[in-house]
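Written below as structure tokens is the structure these notes are about.
The values are calculated or read from the model by the stated rules, or taken from the named source; none is laboratory data. Everything numeric here is computed off the predicted structure, so don't read it as measured data. With ideal geometry, Cβ positions are generated from the backbone for all residues, glycine too; neighbour counts draw on all protein chains shown. Side chains are part of the model used for accessible areas, which takes the heavy atoms of the whole protein and leaves out ligands, DNA and RNA. Shrake-Rupley method; radii C 1.70, N 1.55, O 1.52, S 1.80 Å.
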Amino acid sequence: MNKFLCTIVFILSFLPINAQSQNTQVEIQSLIHRVDSLEHELSYLRTDYELNRVSTQLSMFSNEVYNRSIAILLDVYYGNLNKRIWDSYQQYYETCLRKMEVYPKLIEKVKSFCALKLKLSLYSDTEKNALMTSSNVIDAAYDTLESSMNLLKNTIDLYKKALSR
């Protein structure tokens, strides 16, 4: 009987350890799932950030060029004409052209990064659509920049014509 009681006490002592082991495994699986979820979210946010960063840079540059065009038009309207100012506007335009040359390569690299992430990551359809929309916004922002540059060129030409009168 003594052996029987010892055996039962011995077996009962391992039951809590086994239960703790199963709880630990469940917690480990839960943590692994959470880490995978966070890695996925980080991947999506990084891709979205890169797309939005380029889009914002393009928009800011486009707004800067557009605002300069408006300032030049106001100078023409109010008759604030000067050869040196025209020279500075021409230099500004050339600087903007050089700065603009960088963007096609940057856009290509960011879009390649995004395409690679779309292929390698298991994004949901909503996430894919959001990233594709951000990618399209970059194209629209670059088109707007080109339009602003054309406006700047035409405005500087108008300034030159007004200056020569």
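Computed quantities for the displayed model
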item	result
Index of the failed condition, residue 33 passing every other in (1) over 25 Å from residue 150 (Cβ atoms); (2) open to solvent by 70 Å² or more (accessible area, probe 1.4 Å); (3) of a type outside the set (D, E, K, R); (4) modelled with pLDDT of 95 or more	(4)
Near pairs, Cβ below 6 angstrom, 6+ apart or cross-chain, from the range 140-165 (more than 14 Å from residue 69 (Cβ to Cβ) and touching a residue at least 40 places away in the same chain (Cβ under 8 Å)) to any residue that is open to solvent by less than 70 Å² (accessible area, probe 1.4 Å) and not in a helix (DSSP H, G or I)	162/81; 163/81
Hey, residue 139 farther than 30 Å from residue 77 by Cβ, surrounded by 13 or more Cβ atoms within 10 Å (Cβ to Cβ) and charged (D, E, K, R) or not	yes
Options 129, 82, 150; residue that is of a type outside the set (Phe, Trp, Tyr) and closer than 28 Å to residue 40 by Cα	129
Residues satisfying the stated conditions in the range 100-124, i.e. among the basic types (Lys, Arg) and surrounded by 14 or more Cβ atoms within 10 Å (Cβ to Cβ)	111, 117
Residues located in the range 148-165, provided they are surrounded by 13 or more Cβ atoms within 10 Å (Cβ to Cβ) and among the small types (Gly, Ala, Ser)	148, 162
Which listed residue, of 73, 42, 58, is hydrophobic (A, V, I, L, M, F, W, C) and open to solvent by 70 Å² or more (accessible area, probe 1.4 Å)	42
